[in-house]
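Worksheet: the structure to be examined is printed underneath.
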Amino acid sequence: MVFSSYLFLFGFLPLALGLYFAVPSRGRNLALTLLSYLFYGWSNPAFCLLLLISTTIDWICGLVLAGATPWGPEPAPLDPGAPRTRRQRLAVAASVISNLSILGFFKYFDFAVGSWNGLAAALGVPAAAIETALEVTLPLGISFYTFQSMSYSIDLYRGRAAAMRSFVDFACFVSMFPQLVAGPIVRFSEVADQLRERRATLVLAARGAALFAVGLAKKVLLANPCGKIADTVFDAAGPGMLDAWYGLAAYSFQIYFDFSGYSDMAIGLGLALGFVFPKNFDQPYRSRSITEFWRRWHLSLSTWLRDYLYLPLGGNRKGPARTYVNLALVMLLGGLWHGASWNFVLWGGIHGALLALERAVGVERLYGRLPGTMRTAVVFGIATIAWVPFRAADFPATLDFLARLAGFAPAAAGAALLPGLLHSPYLLLSFVTAAAVVWLGPPSWTWTRELTPARVATALALFGLAVAALATQKFNPFIYFIF
């Protein structure tokens, strides 16, 4: 079930909101948990069992960390400065290892076997290949909820939050349907107090509805048409240089509006339910360095990697060389988090190298002579080229597409037909509108903070246009559902 579907908009969502507000406040976490499991298990009920197992492990580890019981008093946060006992260290280790094991098996088993077999074939030792009939299905959103669940035990261990005595309250945190399958990655310390007590107000609901409408419009009116351009180019056999750049730029717009649109809808739904989730995007294509890009793109992931991986590795506290290694390692792992493919590792490696280069040379020294607008254009161009391995099917396809961008590969005979598919008025208008919104439009987070009558009318119009456009589009899952 996806947000941008009639089933969700006019079936599940009204039912969920009606049931949620029909029960007393003390029962809303249970209602939201049950509704979230219904939402998550709609496509495959077996996914719910894995979610429940992961939730139970982390809840038990949290009680052990706090030295608490389900029937005892509410535990207090651990003293951040006090030494941790062996039991507490084992509890946090069990939580982290179990989450990484679940993620590793379901997301990387097939990738690991395939990579090993490819290496065996390349070395001329086919007997070393692993033969298995097991094919592992990737559960929706597993990358998001495992990271989110890990933040619970780590925050408890660091003394930043108190353990949840109630299993229902903790299960609600892990499974909340607005952000379960594609984020933002909400840390436990950010919503712990809201899980215990919150107020759903008309002001929050109004802002949430407006944010949801904007997010739906981003997805349906901008991301999907740009995705059609990108798919046509990347699936074509040998596009020419101009068409290759057109398709790649369209993909840059697609992935931004697709993911930021989902984040807007998730945050909007959270507001309607009384939860305030953190901002996940801050106009990243207006950045003037790759360092700034990662302060604006997928904020919940970049800050998670910073706080739970980069800083524990030493951050920038152990000298320049170690800093560059840490940056590269974190981005390589961040790339692998996105998908079980060497292309994602390459994408993460590109960004890691660029971050290290900017740290070594200095951002101002590297870009300082460029005017502001030109600097933004250069950074957008770099980020856009880096999307090639993210979108291409495999490494050979990545190399081929990069060659076409550079004009080193001749266009195939059938490429002359591409302009007829790509240059329709509708697709061109969608592309130009996407570019205008990226560089001229206000951020949705800020735009919805103060709802004037004109903004309410605009949000309603965007919602109406998006709902109407859905009738002309096929099934359109969000890109980050596969992660």
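The values are calculated or read from the model by the stated rules, or taken from the named source; none is laboratory data. Computed from a predicted model, the values in this text were never measured in an experiment. Backbone-built Cβ (ideal geometry, glycine too); neighbour counts: all protein chains shown.
Quick notes
- Ala353 vs. criteria buried (at least 19 other Cβ atoms within 10 Å of the Cβ) and closer than 24 Å to Tyr108 by Cβ: no
- Taking the criterion of being among the small types (Gly, Ala, Ser) and in contact (Cβ under 8 Å) with a residue 24 or more places away in the chain, the residues of region 1-33 that qualify are Ser4, Ser5, Ala16.
- Close pairs (9 angstrom Cβ cut-off, 6 or more residues apart or separate chains): of a type in the set (Gly, Ala, Ser) in region 382-400, outside any helix (DSSP H, G or I) anywhere: Ala383/Ser287; Ala383/Trp297
- Pair list, Cβ < 7 Å and 6+ apart or interchain, from region 49-74 residues that are part of a helix (DSSP H, G or I) to residues that are of a type in the set (S, T, N, Q) and surrounded by fewer than 12 Cβ atoms within 10 Å (Cβ to Cβ): Leu63/Thr69
- Unmet requirement for Leu211, which otherwise passes all of (1) outside the structural domain of Ala340 (by TED's automatic domain parsing); (2) surrounded by 24 or more Cβ atoms within 10 Å (Cβ to Cβ): (1)
- Only a single criterion out of (1) under 29 Å from the mean Cα position of the chain (by Cα); (2) at pLDDT below 85; (3) more than 22 Å from Ser300 (Cα to Cα) is not satisfied by Ala340, namely (3).
- Test for Leu123: is it of a type in the set (A, V, I, L, M, F, W, C) and touching a Cys at 6+ places or on another chain (Cβ under 8 Å): no
- Within region 158-201, considering residues that are under 16 Å from Thr56 (Cα atoms) and not hydrophobic (A, V, I, L, M, F, W, C), the one surrounded by the most Cβ atoms within 10 Å (Cβ to Cβ): Ser175
- Helices (runs of 4 or more DSSP H) wholly inside region 403-483 containing at least 3 residues that are within 21 Å of Tyr251 (Cβ to Cβ) and either outside the structural domain of Ala386 (by TED's automatic domain parsing) or of a type in the set (Phe, Trp, Tyr) (or both): 425-440
- From Leu195, Leu222, Leu204, Leu180, residue being modelled with pLDDT of 95 or more and in contact with a helix residue (DSSP H, G or I) (Cβ under 8 Å, 6 or more places away or on another chain): Leu222
- Residues that are surrounded by fewer than 21 Cβ atoms within 10 Å (Cβ to Cβ) and among the charged types (D, E, K, R) were ranked within region 131-157; the one that is nearest to Pro75 (Cα to Cα) is Glu135.
- Residue within region 79-97 that is under 23 Å from Val136 (Cα atoms) and touching a Cys at 6+ places or on another chain (Cβ under 8 Å) present: yes
Here's the yes/no breakdown for (1) surrounded by 12 or more Cβ atoms within 10 Å (Cβ to Cβ); (2) farther than 25 Å from Ile154 by Cα; (3) assigned by TED's automatic domain parsing to the domain that holds Tyr262; (4) in contact with a helix residue (DSSP H, G or I) (Cβ under 6 Å, 6 or more places away or on another chain):
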| position | (1), (2), (3), (4) |
| --- | --- |
| Val2 | yes, yes, no, no |
| Leu38 | yes, yes, no, no |
| Thr55 | yes, no, no, yes |
| Val64 | yes, no, no, yes |
| Leu78 | yes, no, no, no |
| Arg86 | no, no, no, no |
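- Region 99-128: number of residues that are surrounded by 15 or more Cβ atoms within 10 Å (Cβ to Cβ), in contact with a helix residue (DSSP H, G or I) (Cβ under 8 Å, 6 or more places away or on another chain) and over 30 Å from Pro184 (Cβ atoms): 1
- Test for Pro425: is it surrounded by fewer than 16 Cβ atoms within 10 Å (Cβ to Cβ) and under 30 Å from Thr232 (Cβ atoms): yes
- Note on region 383-412: residues that are among the aliphatic types (A, V, I, L, M), within 25 Å of Asp258 (Cα to Cα) and loosely packed, with under 15 Cβ neighbours inside 10 Å amount to 1.
- Test: residue in region 143-162 that is at pLDDT 90 or above, basic (Lys, Arg) and on the phi < 0 side of the Ramachandran plot: yes
- Qualifying residue in region 359-370 (condition: under 26 Å from the mean Cα position of the chain (by Cα) and either of a type in the set (Phe, Trp, Tyr) or within 23 Å of Ala112 (Cα to Cα) (or both)): no
- Any hit, region 450-457, residues being in contact with a Phe, Trp or Tyr (Cβ under 6 Å, 6 or more places away or on another chain) and at pLDDT 90 or above: no
Residue-wise test of (1) within 23 Å of Pro442 (Cβ to Cβ); (2) more than 20 Å from the chain's Cα centre (by Cα).
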position	(1), (2)
Ala200	no, yes
Ala209	yes, yes
Gly215	yes, no
Leu222	yes, no
Phe234	no, yes
Trp245	no, yes
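- Once region 306-330 is narrowed to residues that are surrounded by 20 or more Cβ atoms within 10 Å (Cβ to Cβ) and either of a type in the set (S, T, N, Q) or out of contact with any Phe, Trp or Tyr (no Cβ under 7 Å at 6 or more places or on another chain) (or both), the residue that is farthest from Leu355 (Cα to Cα) is Tyr310.
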